Protein chains: 2
Amino acid sequence: MSQALSTLINHQIRLAARPVGMPKASDWSHTAEPVAEPAEGGVTLKTLALSLDPAMRGWMNEGKSYIPPVGIGEVMRAGGVGVVVASKSDKYAVGDYVSAGFGVQEYITLAAADFKRAGLVKIDLRAGSLTQWLNVLGMPGMTGYFGLMDVGMPKAGETVVISGAAGAVGQTVGQVAKIKGCRVVGIAGGPAKCEWVVKELGFDACIDYKAGPGAVRAGLKEHCPGGVDIYFDNVGGEILDDVLARINRKARIIICGAISQYNNTTAVQGPKNYLSLLVNRARMEGIVVFDYADRYHLAVAEMAGYLKDGRMKSKEDVVVGLQTFPETLLKLFNGENFGKLVLEVAQG
Amino acid sequence: MSQALSTLINHQIRLAARPVGMPKASDWSHTAEPVAEPAEGGVTLKTLALSLDPAMRGWMNEGKSYIPPVGIGEVMRAGGVGVVVASKSDKYAVGDYVSAGFGVQEYITLAAADFKRAGLVKIDLRAGSLTQWLNVLGMPGMTGYFGLMDVGMPKAGETVVISGAAGAVGQTVGQVAKIKGCRVVGIAGGPAKCEWVVKELGFDACIDYKAGPGAVRAGLKEHCPGGVDIYFDNVGGEILDDVLARINRKARIIICGAISQYNNTTAVQGPKNYLSLLVNRARMEGIVVFDYADRYHLAVAEMAGYLKDGRMKSKEDVVVGLQTFPETLLKLFNGENFGKLVLEVAQG
């Protein structure tokens, strides 16, 4: 199989400039390279699908964060799923399905020494489909699961509010919270997402933040009459302030992201209601999924069980074509994606 | 002794209006009443000294908080120390020293049913002086101790930063953190307070936030080269943002107050660097001292030991005269007080 590699071209999308505000076409460059043969112990992987995530916007910025920024001229960082097309490793065989940090490109050749850094692991398509491995069984699912369980520490009967409820992380958080016996209220944009979150995923209610000024405040009042015990925040901004105004004593706020603030060209808007933490002896805590890597397999096993017995559903929004990456990414920031945004690079 | 009560006048200071911004003279009214005889089981207390605290500003505002606001026309709420001058209780004898919620007045008569609500407890002047019972052995000391120990969870070798370092809470936090083996960096206003915090209290360093723009940022860089593990925040505003920019992984931020924001007539300034909590998997948590009431005696015993063996010092800023209350309170908000602000109402 590996003989054929030399005839293949690896199309890539690289970060050409640090975006100011919303990323634009000129922030990217398109390149093509031959596919490298694997070294002894290494593998070559073919990208099948990539995960497009809000966190990508942060990786494009200069400065200290939980991982270094993508360098100018580097292939854009992206997690994905794919298949082994050449192997000089005794751990991976041609045809094995894997999850790894592929980058926004069609192929990647990894040395054995890079397997760990790239997060290379085999995936079992009996536990979930390729796209589910980017969603509920992948990074977003792990983020939602460990954020809710380890930082949120839900107790049955508590009220859990989730922003970005129809997104990849939000759908996992809400469904797990329901399974754990909580009352679950989502916040999402538009009636279609809200209806799906309630009817398909079984949330108790969903607030449409696009329904007009004050919609979130009014919705929280209506749907959380007993206050909010856990808030899983993917968006920041005004919505975070609205929820802070309704938290209960000893509430836990999980800071997973702040998608409303990622493309700001001005300073981030801090939560002006943060003193509600004081009044309510409440906690606001950040979560980074990588910290839980040694327990991913446990969450995957638990959630694969829920997928199998029908207690958990997943929805992916699949866009086809590596070259569409620059525009497809923007769907995350204007709220256009409906479900986990996936870029299909090749057929599995 | 109680026969004499009828001849005594109880001067009081009442909240006349809800202040807008900094409280002014017309927000208060001065009243005088005869001193009431205690009912069967009750006591009459003479106020000796009152604790003046930043939290008082919050009690003057309408709206939900951790305790109800002081009503218009009510005697202003204040904790204090005093002496029993009449007793029909078998638990308290004339001459006993006590701590309680006296209010800003010269006497208070309590029914037995009110003892608990008023927080009436005997104090032992062998453990500390009257003013120390309003400081390190009182509410500020308890706030600092439990905030640091229960929310901050300091480990030896960690770096602890404290704003309002020369204030009542700050001096306790810093000295306890030193005793627990931490590196301690204060933030205070002016060279005199900073010098005192380092030379008298033994902090490792103190940053003068009044030293000019950027002083806190530069000071944190200089004095916390390894980052900040615990931040005990009494002030909010820009300083909170400056510290957020330098926290370490798994840092704990204790939100005890936000004195920079209490007299705002515009919205509170939210911490625009709050996403540092995400990047650093850090936590911001509010503390209200009353939650620890059943463990006050343990902290008092521990800190009385430190006072006795000289490992802990206390400084009170004593102003004499009940009638000075309206102006004296303002010292807290313009940073004029140096040490725990105490209003001496009568000689002990």
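The values are calculated or read from the model by the stated rules, or taken from the named source; none is laboratory data. Note that the structure is predicted; figures quoted are calculated from it, not measured. Backbone-built Cβ (ideal geometry, glycine too); neighbour counts: all protein chains shown.
Pick out the one residue from A:Lys272, A:Lys340 that is out of contact with any Leu (no Cβ under 6 Å at 6 or more places or on another chain), in the same structural domain as A:Val243 (by TED's automatic domain parsing), touching a residue at least 24 places away in the same chain (Cβ under 8 Å) and of a type outside the set (A, V, I, L, M, F, W, C).
Residue meeting the stated conditions: A:Lys272.
May I ask you to verify whether A:Tyr107 is within 14 Å of another protein chain (Cβ to nearest Cβ) and aromatic (Phe, Trp, Tyr)?
So A:Tyr107 does not fit the description; no.
Does A:Leu45 count as of a type in the set (A, V, I, L, M, F, W, C), assigned to a strand (DSSP E or B) and closer than 15 Å to A:Phe325 by Cα? Quick ask: steps written out before the conclusion?
On the way: of a type in the set (A, V, I, L, M, F, W, C): yes; assigned to a strand (DSSP E or B): yes; closer than 15 Å to A:Phe325 by Cα: no.
No: the conditions fail for A:Leu45.
Condition test on A:Ile230, is it part of a strand (DSSP E or B), within 14 Å of chain B (Cβ to nearest Cβ), among the hydrophobic types (A, V, I, L, M, F, W, C) and touching a helix residue (DSSP H, G or I) at 6+ places or on another chain (Cβ under 7 Å)?
Numbers: part of a strand (DSSP E or B): yes; within 14 Å of chain B (Cβ to nearest Cβ): no; among the hydrophobic types (A, V, I, L, M, F, W, C): yes; touching a helix residue (DSSP H, G or I) at 6+ places or on another chain (Cβ under 7 Å): yes.
Judged against the criteria, A:Ile230 is not a match.
Taking the condition of being small (Gly, Ala, Ser) and either in contact with a strand residue (DSSP E or B) (Cβ under 6 Å, 6 or more places away or on another chain) or not assigned by TED's automatic domain parsing to the domain that holds A:Ile162 (or both), how many residues in region A:216-225 meet it? Walk me through it before giving the result.
From region A:216-225, those small (Gly, Ala, Ser) are A:218-219; that's our starting set.
Those left that are additionally either in contact with a strand residue (DSSP E or B) (Cβ under 6 Å, 6 or more places away or on another chain) or not assigned by TED's automatic domain parsing to the domain that holds A:Ile162 (or both): A:219.
The qualifying residues number 1.
Please count how many residues of region A:260-319 are in contact with a Lys or Arg (Cβ under 6 Å, 6 or more places away or on another chain) and among the aliphatic types (A, V, I, L, M).
3
Of these, A:Tyr306, A:Tyr262, A:Tyr292, which one is buried (at least 21 other Cβ atoms within 10 Å of the Cβ), more than 9 Å from chain B (Cβ to nearest Cβ), within 23 Å of the chain's Cα centre (by Cα) and of a type in the set (Phe, Trp, Tyr)? Steps first, please.
Numbers: A:Tyr306 fails: buried (at least 21 other Cβ atoms within 10 Å of the Cβ); A:Tyr292 fails: buried (at least 21 other Cβ atoms within 10 Å of the Cβ).
Answer to the check: A:Tyr262.
Is it the case, given these coordinates, that A:Ala86 is more than 24 Å from the chain's Cα centre (by Cα), buried (at least 23 other Cβ atoms within 10 Å of the Cβ) and over 23 Å from A:Gly170 (Cβ atoms)? Working first, answer last.
Numbers: more than 24 Å from the chain's Cα centre (by Cα): yes; buried (at least 23 other Cβ atoms within 10 Å of the Cβ): yes; over 23 Å from A:Gly170 (Cβ atoms): yes.
Answer is yes for this residue.
Which of the following residues is away from every other protein chain (no Cβ under 14 Å), of a type in the set (Gly, Ala, Ser) and within 17 Å of the chain's Cα centre (by Cα): B:Ala218, B:Ala166? Spell out the reasoning first.
Details: B:Ala218 fails: within 17 Å of the chain's Cα centre (by Cα).
Exactly one residue qualifies, and that residue is B:Ala166.
Could you tell me which residue of region A:233-261 is nearest to B:Leu277 (Cα to Cα), considering only residues that are in contact with a Leu (Cβ under 8 Å, 6 or more places away or on another chain), in a helix (DSSP H, G or I) and modelled with pLDDT of 95 or more?
The extreme case among them is A:Leu244.
Scan region A:309-332 and give yes if some residue there is modelled with pLDDT of 95 or more, of a type in the set (Phe, Trp, Tyr) and surrounded by fewer than 18 Cβ atoms within 10 Å (Cβ to Cβ), otherwise no.
Checked against the condition, which is being modelled with pLDDT of 95 or more, of a type in the set (Phe, Trp, Tyr) and surrounded by fewer than 18 Cβ atoms within 10 Å (Cβ to Cβ), region A:309-332 yields no hits at all.
Is it fair to say A:Leu130 is under 20 Å from A:Gly170 (Cα atoms), in the same structural domain as A:Arg14 (by TED's automatic domain parsing), hydrophobic (A, V, I, L, M, F, W, C) and out of contact with any Asp or Glu (no Cβ under 6 Å at 6 or more places or on another chain)? Walk me through it before giving the result.
On the way: under 20 Å from A:Gly170 (Cα atoms): yes; in the same structural domain as A:Arg14 (by TED's automatic domain parsing): yes; hydrophobic (A, V, I, L, M, F, W, C): yes; out of contact with any Asp or Glu (no Cβ under 6 Å at 6 or more places or on another chain): yes.
When the stated conditions are applied, A:Leu130 passes them.
Which members of region A:198-218 meet the condition of being of a type outside the set (A, V, I, L, M, F, W, C) and either assigned to a loop (DSSP other than H, G, I, E, B) or over 19 Å from A:Ile259 (Cβ atoms) (or both)? Explain how you work it out, then say what you get.
In the first step, residues of region A:198-218 are kept if they are of a type outside the set (A, V, I, L, M, F, W, C); the result is A:199-200, A:202, A:204, A:208-210, A:212-214, A:217.
Selection gives A:Lys199, A:Glu200, A:Gly202, A:Asp204, A:Gly212, A:Pro213, A:Gly214, A:Arg217.
Given the structure, is B:Glu195 over 23 Å from the mean Cα position of the chain (by Cα) and outside any loop (DSSP other than H, G, I, E, B)? So that I can check it myself, show each step before the final result.
On the way: over 23 Å from the mean Cα position of the chain (by Cα): no; outside any loop (DSSP other than H, G, I, E, B): yes.
The answer is no for B:Glu195.
Count, please, the residues in region A:267-289 that happen to be in a helix (DSSP H, G or I) and either touching a strand residue (DSSP E or B) at 6+ places or on another chain (Cβ under 9 Å) or at the interface with chain B (Cβ under 7 Å from one of its Cβ atoms) (or both).
Going through region A:267-289 one residue at a time, the tally reaches 4.
I'd like to verify a number: residues in region B:53-100 that are part of a loop (DSSP other than H, G, I, E, B), basic (Lys, Arg) and within 14 Å of chain A (Cβ to nearest Cβ), how many? So that I can check it myself, show each step before the final result.
Start the filter on region B:53-100 by keeping residues that are part of a loop (DSSP other than H, G, I, E, B), which leaves B:53-54, B:60-74, B:76-78, B:88-96.
Still in the running and basic (Lys, Arg): B:64, B:77, B:88, B:91.
Checking the rest, the ones that are also within 14 Å of chain A (Cβ to nearest Cβ) come to B:64.
Counting residues in region B:53-100 that are part of a loop (DSSP other than H, G, I, E, B), basic (Lys, Arg) and within 14 Å of chain A (Cβ to nearest Cβ) gives 1.
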